[in-house]
Structures are given as structure tokens and as C-alpha cells.
Amino acid sequence: MKVRGAFLGLAVLLVGTPAVYLVATRLPYFQFRQQPLTVAEARDLAQAVTVRLIGESGLGSGVLIAFDGSNYKVLTNRHVVEMLGDKFAVMTGDGQTHPGQKVTEARLDGLDLALVSFAAPKKYIVAPLVARKLKPHDKLYAAGFPNYRTVSPDRMEDTRTWGTKAFHFTQGNFAMQLEDKFLQGGYALGYTNEVEQGMSGGPVIDAYGKVVAVNGRLKYPIQGIDAFTFTDGSKPSKAEYEMMESLSWGVPIPDFLIPRGIEQ
């Protein structure tokens, strides 16, 4: 059931629980409008809604998608949550860290998606989500926190202690949408953006500032064609595989929204 309301000038959609998921907005903040954002505006938006998940045994990224008073929900990958350990922190775009909690969500079964939550008195922008069909070569932005960054031609550095300096933002284009078969974990959206280890769980944002997918798979995986096994156990043809391995892959937002009765 769709219920529309307003909060701080935002168009919102209330679903099932008290949490509010933004599906559209006309706020002047980040200049959401009918025209595409500039690259600088898209980067500012991505940095505001992208969080880093910092666990004892692993790191990953996520995207702020909902709020309920001072409680926030973050969408990320299941494989990220599984490697965080029992205690982890959520670092928001202002560099503040907050104790995180894992959220049980049965509606995400079969998808490489998971939710975590944290509490904070400060008001944070949450990402507008969209379940629209992309057009060939649509501009996309990917964001997250790589685990390692090159600091010189012969040295890479661990970014765990870098704070917000570890944030990474890349430009690319929509390249492929799987329609009849999906990759394991629900991966179905392929894009040309460079995505690095640690950016899993971060957002893929379209030219208008809406989150269309969640990062999760890097280009040219070491498993080769086995990394592109479909949920029915089959594998792509040689020609399909050669195109698929050259792309980064994300779980489309409709797979998160539709089980909640949200269709746009």
C-alpha cells in the first residue's frame, strides 16, 4: 500500500514499519530537479548518504535509506555484514562513528542485501531510491570506501584509519540489465564504473541523484566464468561472459523495494 506524506519538505513513502523511505524529493538541498545533477552535486550527494561499516574483522560500505526519529537504516550487502563481526561501527559522511546493529530482514532472502541500523541525534540526509528502467549508456555514479588506496606508484595503504578521506566516487555508464536470469545474490545491473574492494554495499546513483542499485561485484573476478553462474545453475555464453566480466555489478533497487509493496 502506498501512503504519501511530507517531512522537512521531502516527498516520502511510508511502508509497513515506522521507517520512512525516500522515493522522491524536490528539496533544493543538492538541487534535486528535473535536470541532471552536475558531477560535483552528485559527488556531494553520494558523500552525504554513503557510510562506512567498520568491523573487527572486516570493512565495507553502505547507503543511508531510511529514518525513524533518531534511528537510521543502512542498506548494504549481506556478504559485508557477514564479515563485520559482532561489533561494528557506522561512519557517516561527517566522519562521526556510531555503534551499529544488524537488522533481521526475511524479505531479503536470496539477495546479497542486508540492513543495519544506528542511532544518532543529528539529522542526516537519506538517499532517494528509484525503481526505474535505465536506458543504454545512462550516466551512473558509484560510491564507497575502498579498503586500500594507491599512495605512490609502488605503495598501497590500508584506509581503515583514513576517516572520510577514504571516500571514493567514480563515474561510468549503465551497460547491461539481466531480465530473464539473475546472477546469484540477485546481481542483475552491470555498469562501467570502477569499483574497488571495500566499496561493496555502497550506492549506484543515477544522473538525477536517485539510488538505482547497490555495489557488490568487481570487474574481472579471479573465479572467471564461475563468478557468473545464474541462479538456475547455468552460465553465460562465451560472448556474454566476455562482456559481463568487464563490468561492475550491483543488486537493483527494485529487488529491495518491491517485496515492501513499493512500485513506482
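So for the stretch 116-123 (the condition being open to solvent by 20 Å² or more (accessible area, probe 1.4 Å) and closer than 14 Å to Pro203 by Cα), does at least one residue qualify?
Filtering the stretch 116-123 for residues open to solvent by 20 Å² or more (accessible area, probe 1.4 Å) gives 117, 119, 121-123.
Now drop any that are not closer than 14 Å to Pro203 by Cα, which leaves none.
Scanning the stretch 116-123, I find no residue that is open to solvent by 20 Å² or more (accessible area, probe 1.4 Å) and closer than 14 Å to Pro203 by Cα, so the answer is no.
Mind checking which strands (runs of 3 or more DSSP E) fall wholly inside the stretch 177-264 and carry at least 3 residues that are open to solvent by less than 10 Å² (accessible area, probe 1.4 Å) and among the hydrophobic types (A, V, I, L, M, F, W, C)?
Working: elements: 189-191, 203-206, 211-217, 248-252.
In the stretch 177-264, the matching strands (runs of 3 or more DSSP E) lie at 211-217.
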Only one of Phe174, Phe169 is among the aromatic types (Phe, Trp, Tyr), outside any loop (DSSP other than H, G, I, E, B) and over 14 Å from Pro252 (Cβ atoms), namely Phe169
Exactly one condition in (1) within 17 Å of Val214 (Cβ to Cβ); (2) open to solvent by less than 30 Å² (accessible area, probe 1.4 Å); (3) among the small types (Gly, Ala, Ser) is not met by Gly55; state its number. (1)
Among the residues of the stretch 52-85, which ones are within 16 Å of Thr161 (Cα to Cα) and under 12 Å from the mean Cα position of the chain (by Cα)? Arg52, Gly60, Ser61
Assess whether Gln171 counts as being open to solvent by 60 Å² or more (accessible area, probe 1.4 Å), in contact with a helix residue (DSSP H, G or I) (Cβ under 9 Å, 6 or more places away or on another chain) and among the polar types (S, T, N, Q). yes
How many residues does the stretch 79-113 hold that are under 16 Å from Ile258 (Cα atoms) and either free of Cβ contacts under 8 Å to residues at least 40 places away in the same chain or out of contact with any Leu (no Cβ under 7 Å at 6 or more places or on another chain) (or both)? 8
Number of positions in the stretch 157-166 that are assigned to a loop (DSSP other than H, G, I, E, B) and either of a type in the set (D, E, K, R) or touching a helix residue (DSSP H, G or I) at 6+ places or on another chain (Cβ under 6 Å) (or both): 2
Find all pairs meeting these conditions: Cβ atoms under 6 angstrom apart; at least six residues apart or on different chains; first residue within the stretch 166-190 and touching a residue at least 40 places away in the same chain (Cβ under 8 Å) and within 15 Å of Val211 (Cβ to Cβ); second residue open to solvent by 30 Å² or more (accessible area, probe 1.4 Å) and among the basic types (Lys, Arg). Phe169/Arg43
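Of the residues Gly95, Gly110, which is out of contact with any Phe, Trp or Tyr (no Cβ under 7 Å at 6 or more places or on another chain), under 18 Å from Phe167 (Cα atoms), open to solvent by 10 Å² or more (accessible area, probe 1.4 Å) and not in a helix (DSSP H, G or I)?
Details: Gly110 fails: under 18 Å from Phe167 (Cα atoms).
Of the residues listed, the single one that is out of contact with any Phe, Trp or Tyr (no Cβ under 7 Å at 6 or more places or on another chain), under 18 Å from Phe167 (Cα atoms), open to solvent by 10 Å² or more (accessible area, probe 1.4 Å) and not in a helix (DSSP H, G or I) is Gly95.
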Restricting attention to the stretch 66-78, does a residue exist that is open to solvent by less than 30 Å² (accessible area, probe 1.4 Å), touching a helix residue (DSSP H, G or I) at 6+ places or on another chain (Cβ under 7 Å) and modelled with pLDDT of 95 or more? yes
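The values are calculated or read from the model by the stated rules, or taken from the named source; none is laboratory data. Keep in mind it's a predicted model, so treat the numbers as computed, not measured. A quick note on method: Cβ atoms are made from the backbone with ideal geometry, for glycine too, and the neighbour counts reach across all protein chains shown. Each accessible area value is taken on the protein alone, full model and side chains, heavy atoms only, with ligands, DNA and RNA left out. Shrake-Rupley method; radii C 1.70, N 1.55, O 1.52, S 1.80 Å.
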